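Presented below is the structure to which this report refers.
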Amino acid sequence: MNLYKKLVIQTIIYFIGSILPKIINYAFLKFFTKSLRREEFSLYTDMYALSFLVIGFLSFGLENTYFRFLSKKDYNKEVVFSTGFFVQFLITSFFLILSVNSIKYLVSIAGYKNHPEYFFMFFLIIFFDTICILPMAWLRANEMALKYTTINVINILLQSSMIIYMFSFYPKKNPFFSSIFELVNSFTDKTGYIFFANMISSLSNFLLITPILFKKVTIKKFNKILAKEMLYYGIPIMLGTIAFSINENLDKILIKRWLSDEINGAYSACYKIASFMSLYIRAFRLGIEPFFFKKSEDADAKYFYEKITYFFIIFGLIFYVLICGNLSILIEFLIDKKYHLAISIIPIVMMGNLFLGIYTNLSIFYKIIDKPIIGTYISLVGVLITILFNIVFILIPHSSFMIPAWGTLASYGSMVLVLYFWGKKNFLKFCIKTWNIVLHLLFALFLVVYMVNHENRIEISIFLQFLYVIIIFLFEKNNLKNK
């Protein structure tokens, strides 16, 4: 099959497997914002924010490390997989034992003395999700897109059906289903129902990937020297992942504790809408990242990287304009009205997420030359900017949640600029059409600002969106035709 056709087909399948669960989660956003009070929704987002920080540490960058070592001809693929999995399993098992034995102290520090069950459920969620990272990466590396997608779809459908059951339709007449509800309801509350459903889904994910582990993982294929090399390569990526988690979650953690749960609930709900951009980024990354590593040894690799990154930005800007141009309609559809007070953060955070996607694409260059430490340094720049904005937020009396939102944009924007100009001098041997990108970006921002300020004129907004897509097509038609 033609390489491009194969790449497109796999990307579409990954899009379904990765984006469908996200779309279902967005569909539940309206359900949650109607079913939960803002303070309850704040607890829900806060627990996930805290868990992402932990997963960022436990992952140890082993997913990217696995893909990188697969592309090296000196290593046996099965040895790389077995070694990586055992390293991941040992790290995660140590975390589970330590955290369960420290649960009393952890819930006290985090302010959850009344809900230790939240933490116990999340310890299991984190454990199962983390040890599934490499087996799921193995499916991607072996181009088993359909199996990858099937597992993801099964898990999200299981989680969704349990949430609907727990919140709405639990049949009291059926003794079996009624007993399950009564059991869960005996140790947690409505917010905990969501965590319980996630825990069962994470367990299901683990059970579905166990056949891969039985077939491919053996202690005989564990290589101590390789394990050290993988950890050495992965630690800088892990630090970058932690930095990303801080950039994404520090604002919500602080708003909950500095302002109120009610404000944090509204901020978090609108932040999720702004994260729409992550749907586009994630689908692109799942399909393209293994291809990036496979092409790294080819003479024409940099040409493909340049073209792919350029069109990622162009289509990302189109996505940005279309979402922000219809924001007044989307927000009514996605979240309850009591959460609308933070709607002003959406265009800002969404542009920040686009910058994050651009950074992710450009970061492939320091990964394929085995210098992930570059990403660590740049991520630290982003974290420092995030922390700076959040310190300002804390120090200013009666400060607005807009400050952390602008911090997200400034953080990711600065990371793109640092990587681009640093890389251009050291390892990026091509120049993406910078002025074209700047013009596209400024045009998109101008349209979004205008449409947001005239959101009642829907007909004008639709016309401007249509005009934007046409202008982009005319501007880029020669590039689009160029195979």
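The values are calculated or read from the model by the stated rules, or taken from the named source; none is laboratory data. The structure displayed is predicted, hence computed values, not measured ones. Here Cβ is always computed from backbone atoms with ideal geometry, including for glycine, and neighbour counts include all displayed protein chains. When the accessible area is computed, the model is the full protein with side chains, heavy atoms only, and any ligands, DNA or RNA have been set aside. Shrake-Rupley method; radii C 1.70, N 1.55, O 1.52, S 1.80 Å.
Each Cα pair of the stretch 325-425 feeds into the Kirkwood radius, which the Stokes-Einstein equation turns, at 37 °C and 0.692 mPa s, into a diffusion coefficient of 216 µm²/s. For Y232 and M402, the FRET efficiency from 1/(1 + (r/R0)^6), where r spans their Cβ atoms and R0 equals 51 Å, is about 0.80.
Taken along the Cα-to-beta-carbon direction at a fixed 7 Å, the label points for N114 and L259 span 2.2 nm. Taking only alpha carbon atoms, the stretch 59-131 gives an Rg to Rh ratio of 1.17, where Rh is the Kirkwood radius. A simple count of charges around T386, restricted to other residues whose Cβ falls under 11 Å of its Cβ and scoring Lys, Arg +1 and Asp, Glu -1, yields -2. If you take all other residues with their beta carbon under 15 Å from the beta carbon of I335, and give Lys and Arg +1 and Asp and Glu -1, the sum is +3. With the cut-off at under 17 Å, measuring from each backbone N in the stretch 114-129 to a point 7 Å along the Cα-to-Cβ line of V100 picks out 116-129. Pairs from the table (K224/K371; K104/K216; K190/K252; K104/K224; K252/K307; K104/K221) lying more than 30 angstrom apart at Cα are K104/K216; K104/K224; K252/K307; K104/K221. Calculated FRET efficiency, I458 and I24, Cβ-Cβ r, R0 22 Å, to nearest 0.05? Between I458 and I24 the formula returns 0.20. Element breakdown for the stretch 87-203 at a 1.4 angstrom probe: carbon and sulfur atoms account for 70% of the accessible area. With both labels modelled 7 Å from their Cα along Cα-to-Cβ, the I391 to I154 distance reads 5.0 nm. Return the FRET efficiency for the residue pair F473, F333: r is the Cβ-Cβ distance, R0 is 25 Å, and the value is rounded to the nearest 0.05. Rounded to the nearest 0.05, the efficiency is 0.35.
Out of the stretch 316-383, which chymotrypsin sites (Phe, Trp or Tyr not before Pro) are coil in DSSP terms and have no more than 14 other C-beta atoms within 10 Å? Listed in order of number, the matching sites amount to none. Using a simple spin-label model with pseudo-atoms 7 Å out from Cα toward Cβ, L53 and K77 lie 3.9 nm apart. E262 sits among other residues whose Cβ lies under 12 Å from its own Cβ, and their net charge, with Lys and Arg +1 and Asp and Glu -1, is +1.
The value for the stretch 168-261 of Rg(Cα) / (2.2 N^0.38 Å) is 1.71.
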